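*Asks:* First the structure, then my questions, so here it is.
Nothing in this text is a laboratory measurement; each read-out follows from the coordinates by a stated rule. Bear in mind the structure is a predicted one, so any value in this text is a computation, not a measurement. When we count neighbours, we look across all protein chains shown, and the Cβ atoms used for this are built from the backbone with ideal geometry, even at glycine.
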Amino acid sequence: MLIFGRLIGPVAAFGARLELVSLGGLALALGCLVCGAVMLRDDPTGSSLVFMIAIAAAACASSVAGFAFGAIAGGILFHLSQDTVRVVQIIMLCSVFNQATMAWALRHIIDWQGLANFVVTGAIGVGLGVWLLLHTDRSVYTTALGLFLLAYSIFMLVRRPLVLRGTYPRVDAAVGLLSGVVGGATGFPSAILVPWCAMKGWEKSRQRALFQPFILMMQIIALVAISVAHQGDGGGFNMGNILFLPASLLGTTIGMAFYRRLSDVQFARVVNVALMISGVSYVL
């Protein structure tokens, strides 16, 4: 009994410091076990279970930076499945719930007026992005996006951060439009917006208070648009995708616990590393 206490004590203390030992965390862990059992029953090969583990890992890693779930998860899931549309649907569904959880934590500091400059044009861009997803070769635009993210992240890691003073409403609108296009096509609407927020020189909470509700709104619009557009092909929304949500939310809970302990400088480094990983995932 004493040996058991010595082993479990440090683990429990670490979990308590990270705010992981909670009723909600335990409920999510239990949900993961139940969903995993259902997946194994319906898919004895275990491929769905691998999907679930990959989603949990991607959610944990991305929630530290507040974005890039689509890129990190996509970099894994696109190699595990040839069903591009379903993979994007799973990514967007999990991202909606992940971002809702994180945006709720920042709800008191969200600048709704500033957010509107991005959301209006972003919603327009989502339509074009969904069309690209359903009618073009995704390797063309994902490779281009990956190279851009890779180049930008390397530049920001080796050079002093570029900070633009003042306001640029027209550029904000253009960034929102491009972010919507990328979000509809790849499930990664923050690819353009996050670098733009970093250039503004804002501290970490202000950046997340903009791009997290933006991601949430774009993912909801894109998920609905894809499901409706794909319905004509005999597709639509697969209800089995819901089984991946507990794993995604559990990963997000763990990642958010780490985020709270980051300084602004550490957060900037995490963002650049996340962008680099995102770029590599889309190029490979």
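*Asks:* Can you give the relative contact order of region 44-283 as a percent, counting alpha carbon pairs under 8 Å and 6+ residues apart?
*Replies:* It rounds to 40 percent for region 44-283.
*Asks:* For a test of the definition: using alpha carbon positions, the gyration tensor, and the 1.5 limit on a/c, classify region 20-113 as rounded, prolate or oblate.
*Replies:* oblate
*Asks:* So if we plug the beta-carbon distance of Ala173 and Met199 into 1/(1 + (r/R0)^6) with R0 = 22 Å, what FRET efficiency do we get, rounded to 0.05?
*Replies:* Calculated value: 0.90.
*Asks:* Could I ask something else about it? At 20 °C and a viscosity of 1.002 mPa s, what translational diffusion coefficient does Stokes-Einstein give for the chain, taking Rh as the Kirkwood radius over Cα pairs? Give it in µm²/s as a whole number.
*Replies:* D = 111 µm²/s.
*Asks:* How much length, in nm to one decimal, is gained on full extension between Phe258 and Trp112, taken as 0.36 nm per residue of separation minus their Cα-Cα distance?
*Replies:* 49.9 nm
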